[in-house]
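To keep things clear, I will list the structure first and then write my remarks on it.
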Amino acid sequence: MRTNIIHKIKLSNLLVLFTLIALTWACESDDDFSAEGETRMFTPGEISVQSYEDRAELTWDASLFTSGIQEIYTAQVAEDSLFTTPSEIVVEKQTDTSGVIFTDQELEVRQQYYVRVKVAALADRPESKWSVSRGFSIRGVQKLYPVLSPSILATSVKVNWEITAGVTEFKLQEYTQDETDPTAEKVLVGDPFSIEISDDEAQNGSKVIENLDPDTKYNIDLYKGPVSIGYRSFKTKEESDYAAILTPADDIVTIVNNSQDGDVIGLEPGVYETGGSSFFIDGKTIVIESISNDPNDTKINFKEFTLNNSGAGITLRGLELDGTDAGALYLINLTSGNGNGDTAAFTDVFIDNCKIHDVATSAFRANRGSDGAYSMNTFNIDYSTFYDFAPGNYAFLHAEELVVNEVNLSNSTFYRTGDLFIRYRKEVSASPVFNINYCTINSIGFADNYTLLDVNDVQFSFNFKNNILANIPRPGGTAREDLIRMSNATSSASFTFNNFFNLTNGDVDDPQPVTIPEQSFITQENIFNVDLGWDDSTTDFTLPSDSELQNASSTGGAIGDPKWWF
C-alpha cells in the first residue's frame with residue numbers, strides 16, 4: 001500500500017515539473033516577450049481581406065490589452081510573402097484603427113500582394129512582432145472585350161473595349177507557359193511595353209496593335225491613367241508560308257486545282273470569280289486563306305469544293321464564300337474514283353472565320369460512297385457564320401455513311417440553314433462524337449424532321465453546350481416534337497447551359513413545343529428559356545448587356561457565338 005502511494009506522489013510531481021518546463025519554454029519563445037523579459041505589445045490577430053474592383057479592405061483583430069490605449073499600427077505591402085528585402089515594400093501606412101484600405105491608385109490591380117501589420121512601441125513596451133496576411137489582390141474592372149481568334153494575326157491584333165472616357169494606353173507583356181499543363185504558371189519574358197491610344201481610337205473603342213512577334217503569347221492591359229481597367233491574354237499566330245499569293249485577276253480555280261499537297265494559297269482582298277466551275281481537290285490537302293483574315297474584304301463566288309480520293313482535305317480561312325451566282329449545291333462534297341466506288345480516307349476539314357451563304361442543298365455531303373467506305377478524322381467549323389441554305393431533303397451536315405471520329409462546331413452562327421441540322425443514321429463508326437459549343441442557331445427545320453439531330457438507332461455521342469437555339473421551324477415549315485432522334489441505349493446526349501425559345505412543331509392552329517426527349521441516356525441541365533425577340537428575319541444576334549444570358553455559361557460568362565457578346 002505504501003509503495004503505491006509513493007508512486008502516485010512521484011508521478012504527480014513529475015507532471016507538475018513537465019508543466020512548469022512547458023510554461024517556461026512557452027514564455028521564453030512567445031513573440032510577445034523580449035529576450036530581456038519586457039512584455040511586447042501583443043501581435044495583431046489574423047488579417048482578413050475583402051477584395052473589390054477598385055480597392056482591398058484589410059482588417060485584423062486588435063492587439064490584446066489595448067482597450068483605452070491609442071495604439072498605432074503599421075501596415076506594409078510587398079509582393080514577397082517573406083518580406084525579404086525592405087526596399088521592396090510597395091506601400092506603407094500607419095493607422096490608429098484595426099483596419100486599412102489600399103486602392104487601385106496605390107497598388108496594381110490583379111497583382112498578388114501580402115500585407116504585414118505590427119503595433120508600435122508604447123511606453124516601456126517594445127513594438128509587436130509582425131502578423132502576415134495571405135495573398136490578396138484588387139480585382140479590377142473589365143472593360144476590355146475578349147480577344148477572339150479572328151482578330152489575331154501573326155504580327156498584329158485588333159482589340160475592342162467598352163468605350164470609356166479617359167483611356168490612355170495599352171501595356172503588353174510577353175510570357176511563356178507550358179500549354180500541356182493547365183496548372184502551369186506564366187513566366188514573364190522581358191519588360192512590358194506601352195502602346196498609346198489615339199483620340200479617334202478611344203472614341204471608337206477599337207485599336208489595331210502592330211509589330212508583334214509571331215507565335216508569341218502576350219498579356220495585355222488597358223489603362224486609364226495609372227489604373228488598369230481591362231486585362232486579357234492572347235497568342236499571335238504563326239506566319240503563313242504561301243506557295244502562291246493571288247489577286248482577283250488570277251484564275252483561282254486552275255491554280256487551286258493544280259496546287260500541291262500541303263500548299264497554302266493566300267488571297268489578296270477582292271472578289272474572286274470561278275466562272276461556275278468547282279474546285280477539285282484531288283488526293284491532296286491544302287489551305288486557302290485571305291491575307292487579311294477578314295471575310296468582309298475577300299470573297300469567292302464559288303460553286304463547290306470537291307474533295308476527291310484519299311488524302312484530300314482542306315482548310316478555308318478568313319473568306320466570304322457566296323454560292324449565289326454559281327448556283328452552289330454544296331460547300332464540301334466528298335467523292336472518289338470509279339463513280340464514288342473507291343474507298344477513300346480523307347484528311348481533316350477546317351472552316352475558320354468564314355462567312356458562307358446561299359447554298360441550295362448542304363454544307364457537307366459525305367454519303368456518296370458505300371456505307372463506311374469514306375473516312376475522316378475530324379470536321380471542324382470555328383468562328384464562322386452560315387446562312388441562307390435552302391430547305392430540302394439533305395441536312396445542313398449530311399454525314400451519313402462517313403466513318404468519322406469527331407465533328408466540332410464552335411463559336412459560330414447558323415441561321416436559315418436548311419431543314420434539319422445534322423443527320424447520321426448509318427452505323428459505320430465506333431461511336432462518333434459530335435460537339436456543338438458556344439453557337440447561335442436560329443430558324444432551322446422545315447419538312448417535319450427531327451430538327452437538330454437524327455441518328456436513329458446509331459451508337460453516338462452528342463454534346464450541346466453553351467448554345468442558343470431559337471425559332472423552329474422556318475416559316476411555313478413543320479417539325480417533329482422531339483428535337484432529336486436517338487434510340488440506342490448505348491448512346492449519350494448532353495444538353496447543358498443552353499437557351500431555347502420559340503421551338504414548336506409549326507402547327508398553325510395548335511402549335512406544340514419541340515422538346516428534348518426524355519431518355520435515360522439523354523441528360524439536360526441549366527436550360528434557359530429567355531425570349532430574345534428574334535425571328536426568321538433576324539441577322540443581328542447581339543445579347544443585351546443586361547441579359548441573364550451574359551452570365552449563363554459553364555464558365556460564368558455569356559452563351560452563344562462570342563461575336564454577339566458585345
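The values are calculated or read from the model by the stated rules, or taken from the named source; none is laboratory data. If you're wondering where the values come from, they're calculated on a predicted model, not measured in any experiment. Here the Cβ positions follow ideal geometry from the backbone for every residue, glycine too, while neighbour counts run over all protein chains shown. Heads up: the accessible areas ignore ligands, DNA and RNA and are worked out on the full protein's heavy atoms, side chains in. Shrake-Rupley method; radii C 1.70, N 1.55, O 1.52, S 1.80 Å.
Rounded to the nearest 20 debye, the dipole magnitude of the chain is 1720 debye, with +1 charges on Lys and Arg beta carbons, -1 on Asp and Glu beta carbons, and the Cα centre as origin. Tell me the net charge near Pro86. Cut-off is 11 Å between Cβ atoms, Pro86 excluded, with +1 for each Lys or Arg and -1 for each Asp or Glu. Surrounding charge for Pro86 is -3. With viscosity 0.890 mPa s and temperature 25 °C, the Kirkwood radius over alpha carbon pairs of the stretch 492-566 converts through Stokes-Einstein to a diffusion coefficient of 174 µm²/s. If the Kirkwood radius is taken over C-alpha pairs of the chain, then at 20 °C and 1.002 mPa s the Stokes-Einstein diffusion coefficient equals 75 µm²/s. Within the straight-line cut-off of under 12 Å between alpha carbons, the aspartates and glutamates reachable from Lys355 are Asp294, Asp297, Glu320, Asp322, Asp382, Asp388, sequence neighbours fewer than 8 places apart in one chain being disregarded. The convex hull built on the alpha-carbon positions of the stretch 407-514 has an orientation-averaged projected area of 6.3 nm².
Sparsely packed loop sites in the stretch 448-526 (the GluC sites (Glu not before Pro) outside DSSP H, G, I, E and B with at most 16 other Cβ atoms within 10 Å) comprise Glu481, Glu518.
Taking a straight Cα-Cα cut-off under 18 Å and skipping sequence neighbours fewer than 8 places away in the same chain, the aspartates and glutamates within cross-link reach of Lys143 are Glu53, Asp54, Asp104, Glu108, Glu162, Glu169, Glu196, Asp199, Asp200, Glu201, Asp221, Asp546.
Summarising the strand pairing of the chain, around 35 percent of its internal DSSP beta bridges are antiparallel.
Taken one residue at a time, the phi angles of the stretch 116-133 give Karplus couplings (6.51, -1.76, 1.60, θ = phi - 60°) of 10, 10, 9, 9, 5, 4, 9, 6, 8, 9, x, 4, 7, 6, 7, 10, 10, 7 Hz. Gly and Pro are set to x. For the stretch 316-452, the direction-averaged projected area of the alpha-carbon convex hull comes to 7.8 nm². Measuring r between the beta carbons of Thr176 and Ile89 and using R0 = 25 Å, the FRET efficiency lands at 0.30.
Geometric descriptor of the stretch 301-362, per residue, is 77 Å³ (volume of the convex hull of the Cα atoms). Only lysine pairs 8 or more places apart, or on different chains, with alpha-carbon atoms under 17 angstrom apart are counted in the stretch 160-312, and they number 11.
Peptide packing for 326-339, 254-267 was compared via the average number of neighbouring C-beta atoms within 10 Å per residue; ordered from the highest value, the list is 326-339, 254-267. For the peptides 137-145, 443-451, the ranking by packing is 443-451, 137-145, with the highest mean count of neighbouring Cβ atoms within 10 Å listed first. The residues of the stretch 506-566 present an accessible area of 58 Å² per residue when probed at 1.4 Å with all protein chains retained. Computed over protein heavy atoms with a 1.4 Å probe, the carbon and sulfur contribution to the accessible area of the stretch 143-264 reaches 45%. Solvent-accessible area per residue in the stretch 321-410 equals 31 Å², computed with a 1.4 angstrom probe and all protein chains kept. Protection proxy ranking of 234-245, 487-498, by the mean of other Cβ atoms within 10 Å over each peptide's residues and highest first, is 487-498, 234-245.
Using C-alpha pairs below 8 Å separated by at least 6 residues, the relative contact order for the chain is 6 percent.
About the centre of its Cα atoms, the stretch 378-452 shows a dipole size close to 60 debye [charges on the beta carbon of Lys, Arg (+1) and Asp, Glu (-1) only; nearest 20 debye]. Express the accessible area of the stretch 240-308 per residue in Å², computed with a 1.4 Å probe while the remaining protein chains stay in the model. It amounts to 41 Å² per residue over the stretch 240-308. For the stretch 392-451, carbon and sulfur atoms together expose 44% of the accessible surface, with a 1.4 angstrom probe and every protein chain in place. Straight-line reach from Lys93: taking Cα to Cα under 24 Å and skipping same-chain neighbours fewer than 8 places apart, the lysines in range are Lys118, Lys129. Between helix 2-29 and the chain there is an angle of about 70 degrees, using the helix long axis and the longest principal axis of the Cα atoms. Across the stretch 306-315, computed HN-Hα scalar couplings (Karplus, 6.51 cos²θ - 1.76 cosθ + 1.60, θ = phi - 60°) run 8, 9, 10, 6, 4, x, 7, x, 7, 10 Hz from first to last residue, x flagging Gly and Pro.
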